[in-house]
Amino acid sequence: MIGRRSFLGQAAGAAATGLLGRAAKDEAVRAGGTLPPWQPGWLDIHHLATGRGDATVVVAPNGSVALIDAGAVARPDPALVPARPNGSRPAGDWIGRYVGRRLRETGGTSLHATMATHLHPDHVGGVNGQMIERPEGYRATGIGDVAAHVPLGTLLDPDWPDYGRSRFEDVASAENYVAFARAFAAAGGRIARLRAGATGQLLADHDTFSARVVASRGTVWTGRGDEARALFPDYGSLRSDEAPNENAGASALLLTYGPFRYFAGSDLTDWADAGTRPWMNALLPAATASGPVHVATLPHHGMFDASSAATVRALAARDWICSVWHAAHPSMDVLERAMNARLYPGPRDVYATAIHPATDLAMHRLVARLASRDGHILCRVSDRGRAYRMIVTDNRDEEDRVLLVGPLRASATIHRHAR
């Protein structure tokens, strides 16, 4: 009798052998060339490298397009990497133009949905004194700038319609986003609150594709059906200095397509204030319910307060993506954990959107091991979820030039990480 481990190894090998034939449509992708456009049946997950925050564009196998965040840090800071493609436009404009290129590939004219994972400027858009307030009562930035380029579809956020909870940091940016959301609704736009455990909010379930909200505002999917459980205490029972911050209440997603699995943790943390408030750790429960996966983001830009050893082990990703754009991103200890083969078996690669020279200087030993350190990072999933590859494109212009092409991987190999 063949043992389970041997059987899974043979199955993975057979799947890998068959990839060459199934990847015929993808063979045109090459370094130095232009990114081949999306084709029906592919799942494309684009992680944008604007140098000013997070933005992820998802093109589903049926051609629906969704945007997750539109970060636009608006204050000058020498610790930031250069703005990309350049500083002639705000980040939200560049994101909107990138979305427009993806829509043209699919023949679409609007986003299916736009999601705000939480209300920090590097996710929804920051404000400064030079921005002029619009007649609708908000300053155009981030998601608001994207809306000037393409219709947003349904706007999803963690709090709608109740924004009564106090903001404890970046108040001006959060209040500006709330003003935009209310103006969007008043103009006839559709807004919905993110529901942990739910599928079909960001993108509709179809064929074998699903997009599930696995965490939002301290409520986390259990891994069973659409069931979710609340981790945070009732806000009314907490003193103002005890309440969780925006990062602890951020939203996370699990995308699945056939056997392929992808986890995006936004800015969730598992540090829990040095363990003094363990209920604030929504990241590890979300990762445990979702993992193991093939591809995952390193939450909170790879900062010290996220991606503990337990979280890294639970996700056990073959490929990690780190959205970084500041000298403090990522932390040395997080890179050490992501690259540590003792936490889970097998090789893995870490891709970064932009490494600041100071970061390279401080931790070159680890930075030198990155699979990439500058550019948009695309995870392209094909063959009904049975194969995927990582592709890096140039963020210095809008030509979608390919800088790096990763090997085609068989999604069946997730079995080697199974707990």
query = What pairs can you find where one residue is in segment 88-114 and part of a loop (DSSP other than H, G, I, E, B), the other is modelled with pLDDT of 95 or more and surrounded by fewer than 17 Cβ atoms within 10 Å (Cβ to Cβ), and their Cβ atoms are less than 6 Å apart, with a gap of 6+ or different chains?
reply = 110/151
ask   = Picking from 179, 183, 211, 198, which residue would you name as being surrounded by 15 or more Cβ atoms within 10 Å (Cβ to Cβ), over 20 Å from residue 112 (Cα atoms) and of a type in the set (A, V, I, L, M)?
value = 179
key: Candidate set from segment 250-272 (those that are in contact with a helix residue (DSSP H, G or I) (Cβ under 6 Å, 6 or more places away or on another chain) and free of Cβ contacts under 8 Å to residues at least 60 places away in the same chain); member that is surrounded by the fewest Cβ atoms within 10 Å (Cβ to Cβ)   = 272
ask   = What is the residue count in segment 74-104 for residues that are surrounded by fewer than 19 Cβ atoms within 10 Å (Cβ to Cβ) and either of a type in the set (Lys, Arg) or touching a strand residue (DSSP E or B) at 6+ places or on another chain (Cβ under 9 Å) (or both)?
value = 9
query = residue 129 versus (1) under 22 Å from the mean Cα position of the chain (by Cα); (2) at pLDDT below 95; (3) small (Gly, Ala, Ser): which is the lone unmet condition?
reply = (1)
inquiry  = Can you tell me which of (1) farther than 24 Å from residue 261 by Cα; (2) part of a helix (DSSP H, G or I) is the one residue 384 doesn't meet?
reply    = (1)
message = I need a count of the residues in segment 169-216 that are modelled with pLDDT of 95 or more, part of a loop (DSSP other than H, G, I, E, B) and either of a type in the set (Asp, Glu) or touching a Pro at 6+ places or on another chain (Cβ under 9 Å) (or both).
response = 4
remark   = Residue set 397, 333, 349, 319; condition among the charged types (D, E, K, R), touching a Phe, Trp or Tyr at 6+ places or on another chain (Cβ under 8 Å) and farther than 30 Å from residue 209 by Cβ; output residue 333
task = Given the conditions (1) surrounded by fewer than 22 Cβ atoms within 10 Å (Cβ to Cβ); (2) assigned to a helix (DSSP H, G or I); (3) in contact (Cβ under 8 Å) with a residue 60 or more places away in the chain, report the number of the one that residue 236 does not fulfil.
result = (3)
query = Counting only residues that are touching a Ser or Thr at 6+ places or on another chain (Cβ under 9 Å) and at positive phi, how many does segment 128-156 have?
reply = 2
task = Please find, within segment 127-158, the residue that is farthest from residue 198 (Cα to Cα) out of those that are touching a residue at least 60 places away in the same chain (Cβ under 8 Å) and not in a helix (DSSP H, G or I).
result = 141
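The values are calculated or read from the model by the stated rules, or taken from the named source; none is laboratory data. Computed from a predicted model, the values in this text were never measured in an experiment. Neighbour counts are summed over all protein chains in view; Cβ atoms, including those assigned to glycine, are modelled from backbone coordinates with ideal geometry.
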